[in-house]
Amino acid sequence: MPERILVIKLASLGDFVQAFGPFAAIRAHHPRARITLLTTPPYRELGERAPWFDAVWTGGRPKWRDLGGLWRLARFLRGGKFSRVYDLQTSSRSSRYRWMLPASVEWSGIGGGSHPHANPQRDYMHTLERQREQLEMAGLTAFPAPALDWLDADLSGLGLPERFGVVIPGASPTRPGKRWPVAHYAALAAGLDLPVAVVGGPSEAPLAAEILARVPGAVDLTGRTNFAGLGAVARRASFAVGNDTGPTHMMAAAGCPTLALFGDESDPALCAPRGPRAEVLRHAPLAGLAVERVRATLDGLRAGSTR
């Protein structure tokens, strides 16, 4: 019977994308294991499409008052017959799950266990370096580049032109300081030599409408792409400009030349998007970042791209 491995990654999209490399490393270290991903419902699609997992379970974040959900989680953990757990969420919540497992199960994470990430400076490391060091402390030595060819979809029904750029004006609604003003995105798009597609979730449709009002050739993709579709857009786009939000991470990881805009509500040294053609522009406050500076930085990024 193959060994059983559990990987914990509950949220969010940007964090999930930055775990692609660790996911690939875990699969390379356990090539014949049955690997299960413990996550939450929004990330079922990504987990099931990805080549690194044999099973996905989405009951990973019940409310602490949800006794039934906690009981199902504990039953899943104890009944999974896992020999090792990689906690890539490394939150106070996910760390508590260790106590729901038999004592013999190996644990890579924080707060104890058989293979703790015992670096007191871990909170000051970029997510990718922090997760790699955590896995190295658990004995992993191979870190292959994650294949992303599975992150693709048919875009023929979206009305995209042959060449286009992407703008991502949304971000967490609870952190408005992470959003470059939508009027600035509209001004940027109006001065570009390519039409743009506006990417985001359904709740960000008003942002797209404001951009389309000033840039009639733009295409509204808000709420029209799943995660695979987002990856497909990234493969075909000439560039992307976006806030510190999940779709921007996806664009960068898929290889799209990506400019990520940061203010003072998040630190790119800890969580900047990574990719072969990813750059960061930071200004505090973000609303004060001039359109001309973004355009100049984007021109420099595009100058080094073959798209």
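Here G200 clears all of (1) in a helix (DSSP H, G or I); (2) under 19 Å from D15 (Cβ atoms) except the condition numbered (1). Residues of the stretch 129-151 that are within 21 Å of G231 (Cα to Cα) and either in the same structural domain as A253 (by TED's automatic domain parsing) or in contact with a Lys or Arg (Cβ under 6 Å, 6 or more places away or on another chain) (or both): W150 alone. Based on what the data block shows, is W64 more than 27 Å from A153 (Cα to Cα), out of contact with any Lys or Arg (no Cβ under 8 Å at 6 or more places or on another chain) and not in a loop (DSSP other than H, G, I, E, B)? Here the answer is no, as W64 does not meet what is asked. Find the residue count for the stretch 203-238, including only residues that are assigned to a loop (DSSP other than H, G, I, E, B), within 20 Å of V294 (Cβ to Cβ) and at pLDDT 95 or above. Total meeting the criteria: 4. Residue count for the stretch 67-102, restricted to those that are part of a loop (DSSP other than H, G, I, E, B), within 14 Å of T39 (Cα to Cα) and among the hydroxyl-bearing types (S, T, Y): 2. Could you tell me whether T258 is within 25 Å of G159 (Cα to Cα) and in contact with a strand residue (DSSP E or B) (Cβ under 8 Å, 6 or more places away or on another chain)? Answer is yes for this residue. So C271 ticks every box in (1) closer than 15 Å to L301 by Cα; (2) surrounded by fewer than 24 Cβ atoms within 10 Å (Cβ to Cβ) but one. Which box is left unticked? Unmet for C271, out of (1) closer than 15 Å to L301 by Cα; (2) surrounded by fewer than 24 Cβ atoms within 10 Å (Cβ to Cβ): (1). Suppose we filter the stretch 143-173 for residues that are free of Cβ contacts under 8 Å to residues at least 12 places away in the same chain and under 28 Å from G21 (Cβ atoms); how many remain? Number satisfying all stated conditions: 1.
For the stretch 29-39, filtering for residues that are in contact (Cβ under 8 Å) with a residue 24 or more places away in the chain and surrounded by fewer than 18 Cβ atoms within 10 Å (Cβ to Cβ) leaves 3.
Inside the stretch 278-289, residues that are in contact with a Lys or Arg (Cβ under 9 Å, 6 or more places away or on another chain), outside any helix (DSSP H, G or I) and touching a residue at least 24 places away in the same chain (Cβ under 8 Å) make up a count of 1. When you scan the stretch 290-299, do you find a residue that is closer than 25 Å to G177 by Cβ, part of a loop (DSSP other than H, G, I, E, B) and either out of contact with any helix residue (DSSP H, G or I) (no Cβ under 6 Å at 6 or more places or on another chain) or touching a residue at least 40 places away in the same chain (Cβ under 8 Å) (or both), even just one? Yes, that holds for at least one residue. Is the stretch 223-238 home to any residue that is under 24 Å from G157 (Cα atoms), surrounded by fewer than 23 Cβ atoms within 10 Å (Cβ to Cβ) and of a type in the set (V, I, T)? The answer is yes; a qualifying residue exists. So for the stretch 164-174 (the condition being touching a Leu at 6+ places or on another chain (Cβ under 8 Å) and either surrounded by fewer than 21 Cβ atoms within 10 Å (Cβ to Cβ) or outside the structural domain of C256 (by TED's automatic domain parsing) (or both)), does at least one residue qualify? Within the stretch 164-174, one or more residues are touching a Leu at 6+ places or on another chain (Cβ under 8 Å) and either surrounded by fewer than 21 Cβ atoms within 10 Å (Cβ to Cβ) or outside the structural domain of C256 (by TED's automatic domain parsing) (or both).
Look at the stretch 9-28: where a residue is of a type in the set (S, T, Y) and a partner is in a helix (DSSP H, G or I) and surrounded by fewer than 20 Cβ atoms within 10 Å (Cβ to Cβ), sitting 6+ places away or on another chain with Cβ atoms under 9 Å, you get S12/P42. Count of the stretch 110-144 residues, restricted to those that are within 23 Å of the chain's Cα centre (by Cα) and either among the β-branched types (V, I, T) or at pLDDT below 95 (or both), is 2.
The selection criterion, being touching a helix residue (DSSP H, G or I) at 6+ places or on another chain (Cβ under 7 Å) and not assigned by TED's automatic domain parsing to the domain that holds Y43, holds for R282.
One line per residue, one yes/no per condition, for (1) at pLDDT 95 or above; (2) buried (at least 16 other Cβ atoms within 10 Å of the Cβ); (3) touching a Leu at 6+ places or on another chain (Cβ under 9 Å):
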site	(1), (2), (3)
V7	yes, yes, yes
R78	yes, no, yes
K81	yes, no, no
T90	yes, yes, no
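The values are calculated or read from the model by the stated rules, or taken from the named source; none is laboratory data. Since this is a predicted model, take the numbers as computed values, not measurements. Don't worry about glycine lacking a Cβ; one is built from the backbone with ideal geometry, like all the others, and counts go over all protein chains shown.
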